[in-house]
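Following: one structure in structure tokens, then a few remarks.
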Amino acid sequence: MSYVLKRLGRSFLTIFVVVSASFGLIRLLPGGPLDYLRAQMIQQGGSDLSTAEINRRIAAQTNIAVDEPVYVQYIDYMTAIFRGDFGQSIWYDQSVAGVIGPAIPWTVFLTATALFLAFTVGVSLGAFMAYKEGSTFDVGSTGVGLVLNSTPGYVVALLFIAFLGYRLQLFPTGGRYASELTPGLNVPFLASVLYHGTLPILSMAIVAFGGWALSMRGNSIRVLGEDYLRVARLRGLPTRRIALRYVARNAILPMYTGLMIAIGTVFGGAVIIENIFAYPGIGFYLIQAINARDSPLMMGAFILITVAMVIGITVADLTYGWLDPRAKGGASRESY
Amino acid sequence: MPRDSQTERRGAHDPIIEVRNASVTYDLEYRDAMVLDDVSIDLRRGEILGVVGESGSGKSMLANAMMDAVEEPGITTGEIRYYPERGSEPVNILDLSDEELRSLRWEEISMVFQGALSSFNPTMTVRGHFEETLDAHDYDVEEGMERARELLEDLYLDPDRVLDSYSHELSGGMSQRALIALSLVLEPQVLLMDEPTAALDLLMQRSILSLLDDIKEKYNLSILFITHDLPLVSGLADRLAILYAFELAEVGPSEQVVRNSQHPYTRALLRAVPSLDAPLETMRPIPGSAPNPANTPNGCHYAPRCPLATDECHEETPPWFDTADDQRTACFNHDDAGDAVPLELEVVES
Amino acid sequence: MSEFERMAEVSMTNAERRRQWLDEAVLAPARIVWDDWRARAGLLVVVTYLLLGTVGPLFVSEPKPNQGPLLVGAFRTLEYPLGTTASGTNILSQIVHATPSMLVMITAGAVFTVVLGTAIGTLAGYKGGQTDSVLMTVTDIMMTVPGLPLTIVLATALQIKGNPAVIGVLITINAWAGLARAIRSQVLTIRDDEYVEASRIMGMSTPTIVAGDIIPNLMPYITMNFVQQARAVIFGSVGLYFLGVLPYNKVNWGVMMNAAVNRAGATSSPSAFHWLLMPMLTIIVLALGLTLLAQGADRIFNPRVRARHAKSVASGDGDTPNTGDI
Ligand code: SF4
């Protein structure tokens, strides 16, 4: 229990630090977003706007009241963010939360599915490769795994879009669902969501499962040589139990750090993939914001991506602590 | 040619496992490697038989062969006969089907390995190991767990604490005892112990050994105890079998083998063992090294290191000689061994 | 970590230890690397790119518009082996002239990560206590921040210029955290090894122990990470250049991809596809080379892999080896 609390505390601390850092970035850096915003406004409004008026507008957009002392600005900013108020988007002329909020589920859909797909396929494949160690299948899969492991997701995305999208016209080249459909729990809509999500998800999953397969293969081979496996066989345990409770579990658990890193990679990758497929998720808006020099939107998107990732990692971490008795001590988990 | 089929006389004693001309070979690419060479020995009902050998002498192989558990690609040949009851029809272990083997292992013949920590699944509680074992053999789990608790208590462990622990939470001595309990949960008749105390400190070794005698009496066990540590086992075992380079060198009652060994190797081993009471200068390491399994000498395997070796030794395998009551020695020159390799007899005080 | 080092006697002089370390940590692995075909192939690829980045620009003319006809396909003419762009620029020229700055970026990012990760991980692991928990909290936070988005935001907010070294560092801004964690746990296991213990009892200072006993043991691991980081820098930088969110001074592989897609519609028009494909192949081949190198190195360095191999040789008897000295 205290492990769970400690873990949640750390996740909260992370979010707190990231939000504080984004305040620092916006507020304190000379020539940073705030100055840029000011220049932009003066340009737009001409000289009619008073400094006070500009400051008021900046405050409305960024939650930072420039004429207050820094610590007041900081507290205001933090409370606003934790209330879910990310300020106003300049480009979209609506609240940042209003722009990004609806995008969150889509990004989570892409990343979670890709992660799950890559992990399950990779782990099963790796276990099978270990079982057939040294066979043509094993050697061939290792080769394929190595090549996929050396390919960035966006390259696969571009190849998909060129061949399956434009040339063969098998899949849509952008969007989240066909525009004529009404979102909701109806079959055509859900089918369209899957159809539009296929290429983005596959682009992320295909480059990742090779890595999972390779590490699962290595771990399984190691576990297969462990004494406890031999003892389990001699004790006459059913093959199924040995495969799942002994080999699979002990081979998968050390992949913990890999999973943490993969969560980061998939969120980073999603930024690029969403832009290639013009898929309006958080990453899509992040790049939109940068191109439009819309710093409130940019910081909002960044904070929300971080929150999503922190939640993902926390869930993975807690699940792991629950699965692996050795992790109960908390920090001791990576010491084997 | 089988050289010692007659040596272990049936009837005089009551064997529970008879090992006859057992060999284990590994078919390597370049040549066969023999890691157990034509070994014949009995494990008698109710005894503790100590098997002593250096690392790599094939002593683990002997234990594995006794439950047909030699790992691929090793091939076990010869005969291993198991007598469930006195005078009953023997079970030919090497001829059993997989299913028959599965129920023989752990239910009739069980094994404790060296390194208890690595014998437990690190992600499962000790209780889980007991339950899955009972379950896999269709035993009544509740009844079996009662037995498990009793076993743990007999081994001076707190059942509740141990059962709910993971192996990494137990000390070496505790997990080793838990492993012994696990090996006995299906009430086997035979317990094969492969260096069960090698990883423990001296005190823990002694205390586990002293428990072993009680456990043996209480649960009517016959125990094969494998070790490299002659003094450790000589006080515990009823009989000793000395293994050198994949074959037996000498077999006999412990007391006799320790006091009156007729084999140069056993004597050298007795001289080499560190003993607290032995004057330092009497401890002599055996010169030379044990042969490689792929390249064993033709005649007596010990010949290259033996101070008594003659031409005959290098060419022919020494037959067994009955050197004393119930003691047999595989050495041409067994009569001279005592003079050639003297012992400080007080050394081995067990 | 390795049996050899474990056996290294404390009584050896420093010079002897250095020499032994050199032999075991550098020369021997180098020999083994060469024996492993994957490592060898990886090494060849990496060396080729190094040559491309150093002497390549001397032999290939600088890229400029109208070097040739527009959108010549790849492998059609000897003059433009990889084809030309929509403005008639030689793609080969572009790729070769982009290599030096890519190499700088890769090296900067990998060195930054490895140095910082090793320093923090070793310090935390060896010092323990307060230092450890503070450093690990920071590390954990850094690990849970998404790397690429952070890079994007920093690049925008800091208004950095297109210096490749700075960008390399920025791309790997939080990659050191994962390495630091891993190094720390390795240090924790080494810290209690006998020879380190011995050094401590002999009164050696912490930096001496770390430099003399701990770092050499981590070298294989660090080397592998260097290679992996290099790959991460390539993927990250090219991806962000492709998105057009990083500043640049000169053409590079990601910028080429961006231009191919945005200016010639390379994904939808087959006639411009080679413009996109060539830089992508350039990345994949280099990354594959690095992966092979890391894999080959892993097989040699990874104690688990090595132990498994050692085990499979000695599987004749399961006896403990500690009886050899009886
Ligand atoms: S048979 Fe010969 S070589 Fe073998 S132990 Fe006896 S004397 Fe030594």
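The values are calculated or read from the model by the stated rules, or taken from the named source; none is laboratory data. Every value quoted in this text rests on a predicted model; they were computed, and no experiment measured them. All Cβ positions, glycine included, derive from the backbone under ideal geometry; neighbour counts span all protein chains shown. Remember, those area values only see protein heavy atoms, side chains included, never the ligands or the DNA or RNA. Shrake-Rupley method; radii C 1.70, N 1.55, O 1.52, S 1.80 Å.
The set of residues from region A:286-298 being more than 7 Å from every other protein chain (Cβ to nearest Cβ) and surrounded by 24 or more Cβ atoms within 10 Å (Cβ to Cβ) comprises A:Ala289, A:Asp294, A:Ser295, A:Pro296, A:Leu297. Annotation: of all residues in region A:4-25 being at the interface with chain C (Cβ under 10 Å from one of its Cβ atoms) and small (Gly, Ala, Ser), the one that is nearest to A:Gln73 (Cα to Cα) is A:Gly24. Could you list, in sequence order, all residues of region A:237-262 that are within 13 Å of chain C (Cβ to nearest Cβ) and modelled with pLDDT under 85? The answer is A:Pro254, A:Tyr256, A:Thr257, A:Gly258, A:Leu259, A:Met260, A:Ile261, A:Ala262.
For B:Glu142, the conditions (1) touching a residue at least 12 places away in the same chain (Cβ under 8 Å); (2) more than 26 Å from the chain's Cα centre (by Cα) all hold with the exception of (1).
Test B:Leu179 against the criterion of being surrounded by fewer than 20 Cβ atoms within 10 Å (Cβ to Cβ) and either touching a Pro at 6+ places or on another chain (Cβ under 8 Å) or aliphatic (A, V, I, L, M) (or both), and give yes or no.
Details: surrounded by fewer than 20 Cβ atoms within 10 Å (Cβ to Cβ): no; either touching a Pro at 6+ places or on another chain (Cβ under 8 Å) or aliphatic (A, V, I, L, M) (or both): yes.
When the stated conditions are applied, B:Leu179 does not pass them.
Here A:Asp93 fulfils each of the conditions (1) of a type outside the set (S, T, N, Q); (2) in the same structural domain as A:Ile311 (by TED's automatic domain parsing); (3) open to solvent by 60 Å² or more (accessible area, probe 1.4 Å) apart from (2).
Filter region B:252-297 down to residues that are modelled with pLDDT under 75 and part of a helix (DSSP H, G or I), then give me how many there are. Adding up the residues that qualify gives 4.
In region C:218-240, is there at least one residue being open to solvent by 10 Å² or more (accessible area, probe 1.4 Å), among the aromatic types (Phe, Trp, Tyr), in contact (Cβ under 8 Å) with a residue 60 or more places away in the chain and within 23 Å of C:Gln159 (Cα to Cα)?
So the first thing to find is which residues in region C:218-240 are open to solvent by 10 Å² or more (accessible area, probe 1.4 Å), and the list is C:219-229, C:231-232, C:235.
Cutting the leftovers down to among the aromatic types (Phe, Trp, Tyr) gives us C:221, C:226, C:235.
So of that shortlist, the ones also in contact (Cβ under 8 Å) with a residue 60 or more places away in the chain come out as C:221, C:226.
Add one more test, that the residue is within 23 Å of C:Gln159 (Cα to Cα), and what stays is none.
No, the conditions are met nowhere in region C:218-240.
Return the residue satisfying two criteria in turn: it lies in region B:25-63 and is without any contact (Cβ under 8 Å) to a residue 60 or more places away in the chain and either facing chain C (nearest Cβ under 9 Å) or part of a strand (DSSP E or B) (or both), and of such residues it is farthest from the chain's Cα centre (by Cα).
Filtering region B:25-63 for residues without any contact (Cβ under 8 Å) to a residue 60 or more places away in the chain gives B:25, B:27, B:29, B:42.
Pick out the ones that are also either facing chain C (nearest Cβ under 9 Å) or part of a strand (DSSP E or B) (or both) and you get B:25, B:27, B:42.
Numbers: B:Thr25: 19, B:Asp27: 24, B:Asp42: 12 Å.
Among residues in region B:25-63 that are without any contact (Cβ under 8 Å) to a residue 60 or more places away in the chain and either facing chain C (nearest Cβ under 9 Å) or part of a strand (DSSP E or B) (or both), the one farthest from the chain's Cα centre (by Cα) is B:Asp27.
If you go through region B:298-313 and keep only what is more than 9 Å from the ligand (Cβ to nearest atom) and either touching a residue at least 40 places away in the same chain (Cβ under 8 Å) or more than 18 Å from B:Thr25 (Cα to Cα) (or both), you end up with just B:Asp311. The residues of region B:127-173 that are part of a loop (DSSP other than H, G, I, E, B), more than 18 Å from A:Arg235 (Cα to Cα) and either within 14 Å of chain A (Cβ to nearest Cβ) or open to solvent by less than 70 Å² (accessible area, probe 1.4 Å) (or both), listed by number, are B:Leu155, B:Leu157, B:Asp164, B:Ser165, B:Leu170, B:Ser171.
If you filter region B:108-126 down to residues that are at the interface with another protein chain (Cβ under 8 Å from one of its Cβ atoms) and among the β-branched types (Val, Ile, Thr), you find that the one that is most open to solvent (accessible area, probe 1.4 Å) is B:Thr125.
Considering only helices (runs of 4 or more DSSP H) fully contained in region A:29-123, which possess at least 3 residues that are at pLDDT 80 or above?
Working: elements: A:33-45, A:51-62, A:70-82, A:96-100.
Counting at least 3 such residues, we get A:70-82, A:96-100.
Considering only residues in region B:314-326 that are touching a Gly at 6+ places or on another chain (Cβ under 9 Å) and under 21 Å from B:Phe246 (Cβ atoms), the one that is farthest from the ligand (Cβ to nearest atom) turns out to be B:Glu315.
C:Gln295 falls short on exactly one of the conditions (1) open to solvent by 30 Å² or more (accessible area, probe 1.4 Å); (2) more than 8 Å from chain A (Cβ to nearest Cβ), and that condition is (2). Of all residues in region B:145-167, those satisfying the criterion of being touching a residue at least 24 places away in the same chain (Cβ under 8 Å) and under 27 Å from the mean Cα position of the chain (by Cα) are B:Arg147, B:Ala148, B:Leu151, B:Leu152, B:Asp154, B:Leu155, B:Tyr156, B:Leu157, B:Ser167. With respect to being closer than 30 Å to A:Leu297 by Cα, more than 12 Å from every other protein chain (Cβ to nearest Cβ) and surrounded by fewer than 20 Cβ atoms within 10 Å (Cβ to Cβ), C:Gly162 fits the description.
Looking for whichever is within 11 Å of chain C (Cβ to nearest Cβ) and surrounded by fewer than 23 Cβ atoms within 10 Å (Cβ to Cβ) here; the options are A:Val193, A:Val156. Which one fits? Give the derivation first.
Details: A:Val193 fails: within 11 Å of chain C (Cβ to nearest Cβ).
Going through A:Val193, A:Val156 in turn, just one is within 11 Å of chain C (Cβ to nearest Cβ) and surrounded by fewer than 23 Cβ atoms within 10 Å (Cβ to Cβ): A:Val156.
The set of residues in region A:264-283 being within 13 Å of the chain's Cα centre (by Cα) and open to solvent by 10 Å² or more (accessible area, probe 1.4 Å) consists of A:Gly264, A:Thr265, A:Val266, A:Phe267, A:Gly269. Does region B:248-261 contain at least one residue that is within 16 Å of the ligand (Cβ to nearest atom), under 20 Å from B:Asp42 (Cα atoms) and under 13 Å from the mean Cα position of the chain (by Cα)? Checked region B:248-261: at least one residue is within 16 Å of the ligand (Cβ to nearest atom), under 20 Å from B:Asp42 (Cα atoms) and under 13 Å from the mean Cα position of the chain (by Cα). Filter region C:137-156 for residues that are free of Cβ contacts under 8 Å to residues at least 60 places away in the same chain, more than 7 Å from chain A (Cβ to nearest Cβ) and either farther than 14 Å from A:Ala301 by Cα or not in a helix (DSSP H, G or I) (or both) and give the result. Within region C:137-156, C:Thr137, C:Val138, C:Thr139, C:Met142 meet the criteria.
Each row is one residue, and each column tells you yes or no for (1) at pLDDT 85 or above; (2) surrounded by fewer than 16 Cβ atoms within 10 Å (Cβ to Cβ); (3) within 24 Å of B:Arg267 (Cβ to Cβ).
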| position | (1), (2), (3) |
| --- | --- |
| B:Thr7 | no, no, yes |
| B:Arg20 | yes, no, no |
| B:Arg31 | no, yes, no |
| B:Val39 | yes, no, yes |
| B:Ala63 | yes, no, no |
| B:Ala69 | yes, no, no |
| B:Thr77 | yes, yes, no |
